[in-house]
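Novice: Let me give you the structure first, and then I'll get to my questions.
The values are calculated or read from the model by the stated rules, or taken from the named source; none is laboratory data. All of these numbers come straight from a predicted model, not from anything done at the bench. Positions of Cβ are generated from backbone atoms using ideal geometry, with glycine treated the same way; all protein chains shown enter the neighbour counts. When the accessible area is computed, the model is the full protein with side chains, heavy atoms only, and any ligands, DNA or RNA have been set aside. Shrake-Rupley method; radii C 1.70, N 1.55, O 1.52, S 1.80 Å.
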Amino acid sequence: MITLTASAQQPDTTFLKNLLESHPELFSHILDHPTHNEVQILYTQIDRDENNVPHFTSYSYRLDANHYFYPASTVKLPTAIFALEKLNQLNIHGLTKKTVMKTDSSFAGETKKTEDTTSADGLPGIGNYIKQILLVSDNYAYNRLYEFVGRGEINNKLKKYGLNHTRIIGRLAIYDGGEEAKHTNAIDFYKGKKLIYHQPAQYDAKDYPIHLENMLQGKGYLDKNDKLIMKPFDFSEKNVYTIADQQSVLKRLLFPETFPKDQQFNLTKQDYKFIYKYMSMFPTESKKPTYNSPDYYPAFCKYLFYGNDSLAVINPDIRIFNKIGDSYGYVIDNAYIVDFKNKVEFIITAVVQSNDDGIYNDNIYEYKTVCQPFMKNLGQLIYQYELQRPKKHLPDLSKFRFDY
């Protein structure tokens, strides 16, 4: 049995620090205020053996599972995986990711969804929701998958896969919380006019308490009525998804063969290919859904390496399999970066925050001046290091090549 070498070791904590400090022109602003900017980084090298089996060596910077950061949209990736798992577990004839999925409203604050203009047939389905999540990080697509999987099942799955520092307890972008977050909508799946599967409204009574440092932040916040409340913003009832857990999900998704059978995701070969393709596709390459400039551009949602820059020049040899998040001043990216021409591959997961005025929900954060440049420079730095790093066996990366 193949063992996951990275899980058996504590990541080295000096390599990344030294590497960052060797480029003060790029990183001094962050390195001088690492606590203020709440940086955490986990970088994993991949070395293949003669059979192309990957072996991992990890390096960290300020990695701390007890120090809270808001994970934002990064929670969408495990939720999408669990949605495909649920389809496979239900194993109902005619119920697939392409089956029409109509969501009802069953509790206060819930909304219906019976159409989807972004899909090829104008109707909603799990497959198109996952595309929207992976291509442009759509919040409402995630909310529908959260409702389908169910809050209780999501958190049971997190524990099943050893993601013990993570909880996913609410929808995004709709001020979801408390009792509303515990209720999820009734859902019907149709083939034509025939009902294939009915999922009744669900209720999850559990609270999933996690007590971490840094759950009270800043000096004030705007409430949902845009009223300024001058007291720290409370994250204690928000989602939690640590850097190490994020990278664990990505490894398990990309390299299932390095995990014991009972710890692999319950996905088909087609499921894996579907996720890989849309994780690595640029939004402008997608036909349905369609995403056009100026709102969308190739580097959209590619923070590590391109910095979400609308003018970035895309390297045709590089693909990035990732899931990003940004909210409350936090920018996060969890990425596997591949250079097919130079046979380079590595994983990097990072978070950085900037909220200089200490006010939350005011949409005044230093994303473009602090966070995105940091992410871009970090990804580029590791890439340049990887170009020079000697490897005994060059990787066969053919499983990650797709026609887009």
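Novice: Any idea how many residues of region 79-99 are surrounded by 22 or more Cβ atoms within 10 Å (Cβ to Cβ) and aliphatic (A, V, I, L, M)?
Specialist: Of the residues in region 79-99, 5 are surrounded by 22 or more Cβ atoms within 10 Å (Cβ to Cβ) and aliphatic (A, V, I, L, M).
Novice: Could you identify the single residue in Lys102, Lys76 that is open to solvent by less than 50 Å² (accessible area, probe 1.4 Å) and either more than 16 Å from Met375 (Cα to Cα) or of a type in the set (A, V, I, L, M) (or both)?
Specialist: Working: Lys102 fails: open to solvent by less than 50 Å² (accessible area, probe 1.4 Å).
Answer to the selection: Lys76.
Novice: While we're on this one: Can you name the residue in region 348-376 that is in a helix (DSSP H, G or I) and polar (S, T, N, Q) and, of all such residues, is surrounded by the fewest Cβ atoms within 10 Å (Cβ to Cβ)?
Specialist: Of the residues in region 348-376, the ones in a helix (DSSP H, G or I) are 367-376.
Restricting the remaining residues to those that are polar (S, T, N, Q) gives 369, 372.
Working: Thr369: 12, Gln372: 20.
The extreme case among them is Thr369.
Novice: For region 323-347, give me each residue that is among the hydroxyl-bearing types (Ser, Thr, Tyr) and in a loop (DSSP other than H, G, I, E, B). Working first, answer last.
Specialist: Narrowing region 323-347 to residues among the hydroxyl-bearing types (Ser, Thr, Tyr): 327-328, 330, 336.
Scanning region 323-347 gives a single hit, Tyr328.
Novice: Next question, about the same structure. Examine region 156-168 for a residue that is over 24 Å from Gln217 (Cβ atoms), outside any helix (DSSP H, G or I) and open to solvent by less than 50 Å² (accessible area, probe 1.4 Å), and state whether such a residue exists.
Specialist: Within region 156-168, one or more residues are over 24 Å from Gln217 (Cβ atoms), outside any helix (DSSP H, G or I) and open to solvent by less than 50 Å² (accessible area, probe 1.4 Å).
Novice: Separate question: Just to be sure I understand the filter: pairs with C-beta atoms under 6 Å, separated by 6 or more residues or on different chains, first member in region 377-395 and open to solvent by less than 20 Å² (accessible area, probe 1.4 Å), second member part of a helix (DSSP H, G or I) and modelled with pLDDT of 95 or more. Which pairs pass?
Specialist: Qualifying pairs under 6 Å: Gly379/Leu304; Gly379/Phe305.
Novice: Another question, if that's okay. From the residues in region 204-225 that are open to solvent by less than 40 Å² (accessible area, probe 1.4 Å) and assigned to a strand (DSSP E or B), which one is nearest to Tyr68 (Cα to Cα)?
Specialist: Ranking the qualifying residues of region 204-225, first place goes to Gln217.
Residues are listed down the side, and each one gets a yes or a no for (1) free of Cβ contacts under 8 Å to residues at least 24 places away in the same chain; (2) of a type in the set (Gly, Ala, Ser); (3) within 19 Å of Ile41 (Cβ to Cβ):
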position	(1), (2), (3)
Thr284	yes, no, no
Tyr291	no, no, no
Asp295	yes, no, no
Ala299	yes, yes, no
Asn315	no, no, no
Phe321	no, no, yes
Asp326	no, no, yes
Val331	no, no, yes
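Novice: Still on this model: Which of (1) over 26 Å from Gln372 (Cβ atoms); (2) hydroxyl-bearing (Ser, Thr, Tyr); (3) under 15 Å from the mean Cα position of the chain (by Cα) is the odd one out, the single condition Thr268 does not satisfy?
Specialist: (3)
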